[in-house]
Amino acid sequence: MKTNKEATMKKIITLLLSSVLFLASNLVWAGPVNINTADAITLAANIKGIGTKKAEAIIAYRNQHGAFGRAEDLAKVRGIGKKTVEKNLDNLKVE
């Protein structure tokens, strides 16, 4: 069983690692993200309103249904609405 100190340290380390990944992903932003090829970290970092869970849902949808034909098809993914797609349209591409 973990002690309170160990649990607190684990939370701090997780928070620090998440922060570093978030900051690093924002530094490597290089323009539109290809929703047909990007990994979850890239999707989460480059699409406003999309976190890791929704980014993983995008990849799962893509794996199950094939490539997106157009950026607007991203709204077919459960949990991603048309407003989110509209906000990000200039930053999404499909190739």
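Of all residues being within 11 Å of the chain's Cα centre (by Cα) and in contact (Cβ under 8 Å) with a residue 40 or more places away in the chain in region 29-60, which is surrounded by the most Cβ atoms within 10 Å (Cβ to Cβ)? Just the residue, please. Step through it out loud before you land on a result.
First pass over region 29-60, keeping only residues within 11 Å of the chain's Cα centre (by Cα): 33, 35, 38-59.
Still in the list and also in contact (Cβ under 8 Å) with a residue 40 or more places away in the chain: 33, 35, 46-48.
Numbers: VAL33: 20, ILE35: 29, ASN46: 23, ILE47: 23, LYS48: 8.
Step by step, filter region 29-60, then rank; the result is ILE35.
Cβ-Cβ below 9 Å, separation at least six or inter-chain, first residue in region 1-21 and farther than 16 Å from ALA44 by Cβ, second among the charged types (D, E, K, R) and at pLDDT below 70: which pairs?
These pairs meet every condition: LYS10/LYS2.
Say whether the condition of being modelled with pLDDT under 95, not in a helix (DSSP H, G or I) and not polar (S, T, N, Q) is met by at least one residue in region 31-46.
yes
Say we look at region 71-84 and pick out the residues that are among the aliphatic types (A, V, I, L, M) and under 13 Å from the mean Cα position of the chain (by Cα); which of these is nearest to THR37 (Cα to Cα)? Walk me through how you get there before you give the answer.
Applying the first criterion (among the aliphatic types (A, V, I, L, M)) to region 71-84 yields 71, 74-75, 77, 80.
Imposing the further condition that a residue be under 13 Å from the mean Cα position of the chain (by Cα) reduces the set to 74, 77, 80.
Working: LEU74: 13, VAL77: 16, ILE80: 18 Å.
Ranking the qualifying residues of region 71-84, first place goes to LEU74.
The values are calculated or read from the model by the stated rules, or taken from the named source; none is laboratory data. It should be emphasised that the depicted structure is a prediction, and the values quoted were computed from it without experimental measurement. Cβ sites come from the backbone with ideal geometry, for glycine too, and all protein chains shown count toward neighbours.
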